[in-house]
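Enquirer: The following block contains the structure, expressed as structure tokens.
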Amino acid sequence: MDQEPPVKLIAFYFPQFHAIPENDEWWGKGFTDWVNVRRATPQFRGHYQPRVPLGNRYYDQSDKKTLEWQIGIARKYGLHGFCHYHYWFDGKQLLETPTNIVLGSKDLDFPFCLAWANETWSRRWDGRDHHILQEQTHRPDKGRWERHFNYLFRAWSDDRAIKVEGMPVFLIYRAHRIQQIDQMFDLWREMAHKRGLAGLYLVSMKQYEFPVPEVLQHFDATVQFQPFEAIYSPDFEGAALETSKALAPLRRLPEKVQNLLRAIRYRFFSRLTFYDYDMVWKQMLKVEREGGIPAFPGAFVDWDNTARYVKRARIFRGASPERFAFWFRQLVQVTAQRPAPEQLIFLNAWNEWAEATYLEPDDRHGYRYLEAVRDALSGAVNVQVPIPSTDRVDLESRPEQVAPRSATARGRPRRAKGRRRR
């Protein structure tokens, strides 16, 4: 019997490659993210745009055959599962079709979990952040929480659900935005136990320093959402103005105010922002935990959101299958030495084509990113390459153990501790 690999890779799965009535109204009939991807243009000499899927495979996620193809190649190259983005607005759902196809098709036998992308939708792509398309309100209402649970239970009770310590995993993108999150979680955990689940394993996604770190006392773990957790880190050497410490307090402002400030910035200070791919990956190899709870490491393939933001894009220079292979191999080695349950890597992303972070094959690189994933996870490359940094992680040492919380302790208030790094 083959030994199960110690490190498992879960890729974020983006569901906006099928048409929905709301996008038809907001962006034009038949809109999907492929519209943005196709019309992207180079912004400077040598700029790799537009991104073209291998064989012009501009697929439709409302077709089950698309998911069969995606799952087939993901499994072939060693991925453990997908983490589907979940869009829920006080009972209204958007882009749920691919997830619902999975839930209704047991033959799509591939592990999955959900990540609630709980943000307001606006016309941010064209600089009008203050123009709200679909507002996220997080009304603290027991009836709304129960309706949300009833949908999520379909995923959590599925045999294919990704679990930690026997409990289905659920990620939340902006935890500090949820009013009375402690009461919502208490209700969900109570309902989960009544319906036969061992509990819920709730994970807070970290894109930048938590504006309200106390919220972590209600979670079981965090996940480092890359590359942004790295570039917003206080000790990142290549920080730009938008990721500087001086702007950190603004992230505590109401979402509408932040949207207005972004719109003003885009109106008067529109420019490309560049980051160094190697420098960001070096930052990502640092083992960090917060709030006294486990932290799952993150990874990313590439990043260039020119397709959405054009002259306001963020571009990570130096990305290639070879550089990704170099760094991802080291991340797997570091992660293999972390204590359970931290041996899951969450990768951004399987198919974020408009942000140029995708594992799916394209016309330039073919399957080379997927081959790098397969080789690193299978241990095909066993030579440990020294990390070029004075802050390098010691691959021979093991990070401190993080004791798992008992099922009876889950949900109890705990003091959120400060940032810890090894």
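Readers should treat all values here as calculations from the given coordinates under stated rules, not as data from a laboratory. Just so we're clear, the structure is a prediction, and the values are computed from it rather than from any experiment. Quick reminder, even Gly has a Cβ in these numbers, built from the backbone with ideal geometry, and neighbours come from all protein chains shown.
Enquirer: Normalised by the residues of region 1-84, what does the relative contact order come to in percent, with Cα pairs under 8 Å and at least six apart?
Expert: Across region 1-84, relative contact order equals 41 percent.
Enquirer: Cα to Cα, under 20 Å, and not fewer than 8 places away if on the same chain: which lysines meet these conditions relative to Lys194?
Expert: Straight-distance partners of Lys194: Lys142, Lys163.
Enquirer: Can you tell me which of 94-101, 356-363, 181-188, 42-49 comes out highest on packing, and rank the rest after it, using the mean Cβ neighbours within 10 Å?
Expert: So the order, starting with the most tightly packed, is 356-363, 94-101, 181-188, 42-49.
Enquirer: Could the peptides 68-75, 32-39 be put in order, highest first, of the mean number of other beta-carbon atoms found within 10 Å of their residues?
Expert: Per-residue mean Cβ counts within 10 Å order the peptides as 32-39, 68-75.
Enquirer: Also, quick follow-up: Once you put a point 7 Å from the Cα of Arg57 and another 7 Å from the Cα of Lys76, both along the Cβ direction, what distance in nm separates them?
Expert: According to this spin-label approximation, the distance is 0.7 nm.
Enquirer: Tell me the label-point distance for the pair Glu214, Asp158, using the 7 Å Cα-to-Cβ offset, in nm and rounded to one decimal.
Expert: 3.6 nm
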